[in-house]
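To keep things clear, I will list the structure first and then write my remarks on it.
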Amino acid sequence: MEPLDPELQSLVAAERREVEPTLAERERVARSLARRVGGGFGAALGLVSTKAAASSSIGLALKVSLVLLLAGTAALVGVPRLMQREVPLAPASRPVPPAPSHAALPAPPEAAPTPTPEPSARTNDAPSAPKGSAATRALSPLAEEAKLLKQAQQALRAGQPQAALTALAEHQRRFPQGQLALERNAARLTALCTLGRTPRALSEAQVFLQQHPQSGLSQQVRASCGLGPENR
Amino acid sequence: MTSVPSQHFSPQAPALLPNAGTPQPAQGARAEQLAELYAEHFAFVWRSAKRLGVPLSAVDDAVQDVFLVAFHKLPEFEGRSSLRSWLFGITRKVVRGHRANRVSAPRDATDPEALPSQDAGPLRAAEQAQSARLLQQLLDELEEDRRAAFILVDLEELSVPEAAEVLGVNLNTLYSRVRAARQDLGKSLSRLRARSERGEPWNR
């Protein structure tokens, strides 16, 4: 294996120290995802509402300090997950490695991260600052896809398969080759079979099952259309 | 490097779209699974998106998209690969989509990475940032598969077998991609060095 050019090696070391998400970035994306996903995502990560956070006298820095303290005593149990993972995350907090030899491909080290954060250009981002954040910008195409799929989900759960089909048709029109096309097709079959297990719906469902026999979505289609395991 | 446990989610993840009338728990359980995934792998996905070429100003959006896709595809996850492999695959696809969008949209002039490079000052932090930016520029010139191999082995410090598993290739292919990536980067660096010696800026 070719050794790394020494200059390239120093760039790699610098990059490893530099390219690390900040706590603010982790929290900002989590909040945005919580709005899209719902269903306890934010609670599972220990996120509190922005309003509550703003009125709380315990700031983020204090929370992080608490986590670091707890981490030091190996007592992380009960600390919100979002914060738990920040211990190894502190930007540029890894010890500067002594120019590793790249004569051979490196084995994965289990470097114990130090909890002392080093100043970073992004460290002081306000976690809840909405300006320019992912949450407030126009939805990306993928987020638009997810939004339509979520509408269909909600309609199905509300017992409104026709409304689900409308949302899914919109998804099909706007994102025929979308990243969530498979999910759309499964949802469509679920809606069709909920409306009535017509020969056409069953035929389409069987094609889906043949094409995706191992997918978890197939279980959903099979259940909705009353197709047993023999249709695998 | 953050160690990532090798545990897998159960292939029997809750259904994406429960039948009409199915109560809420399936959705809630899946959201909780996503939270677990997020807590464990956010940093890896964030670094990967950045290293695969998403500008800093768009990394949050890209990472959010990765986890949105993961949320919707959790029922499809069969547990044949590790979650990290699965997420890296999603990240690569999402990054391709972001790149395609950026082709039609001019780069944001307020993106700090789009601003002309400042000469490295005496501050080490500035030098470090500049080094990281230079490496990003070099990575941008790499062929995609080589870039992914280099990211996993030389930047994420995965072992060769781990990286091969993530990329779904055999060991020989992985070795050869890493070797080629290193050679390409070395050549690019030499070219930039020569340009710098002629007094030309290294950044485009």
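Heavy-atom accessible area of B:Asp184 with all protein chains present, probe 1.4 Å, nearest 10 Å²?
Accessible area, nearest 10 Å²: 40 Å².
Strictly over 20 Å apart at the Cα level, which of B:Lys50/B:Lys93; B:Lys73/B:Lys93; B:Lys50/B:Lys187 would you flag in this model?
Values: B:Lys50/B:Lys93 13 Å; B:Lys73/B:Lys93 13 Å; B:Lys50/B:Lys187 23 Å.
With Cα atoms farther than 20 Å apart: B:Lys50/B:Lys187.
If R₀ is 22 angstrom, what is the calculated FRET efficiency for the pair A:Ala163 and A:Arg197, using the beta carbon separation as r and rounding to 0.05?
Efficiency computed from Cβ-Cβ geometry: 0.70.
With the crude spin-label approximation of a point 7 Å out along Cα→Cβ, what separation in nm comes out for B:Glu143 versus B:Glu127?
3.5 nm
I'd like the accessible area for B:Arg99, computed on protein heavy atoms only with a 1.4 Å probe and all protein chains in place. Round to 10 Å², please.
Accessible area of B:Arg99: about 80 Å².
Tell me the label-point distance for the pair A:Ala223, B:Lys187, using the 7 Å Cα-to-Cβ offset, in nm and rounded to one decimal.
Label at A:Ala223, label at B:Lys187, 5.4 nm between them.
Give the value in nm², to one decimal: projected area of the alpha carbon convex hull of region B:129-204, averaged over all directions. Don't skip to the end; give the middle numbers.
On the way: hull surface 20.1 nm².
That works out to 5.0 nm², a quarter of the Cα hull's surface.
The values are calculated or read from the model by the stated rules, or taken from the named source; none is laboratory data. Computed from a prediction, not measured in an experiment: that's the story for all the values here. As a convention, Cβ positions derive from the backbone with ideal geometry for all residues, glycine included, and neighbour counts pool all protein chains shown. In case anyone asks, the SASA skips ligands and DNA or RNA and just uses the protein heavy atoms, side chains included. Shrake-Rupley method; radii C 1.70, N 1.55, O 1.52, S 1.80 Å.
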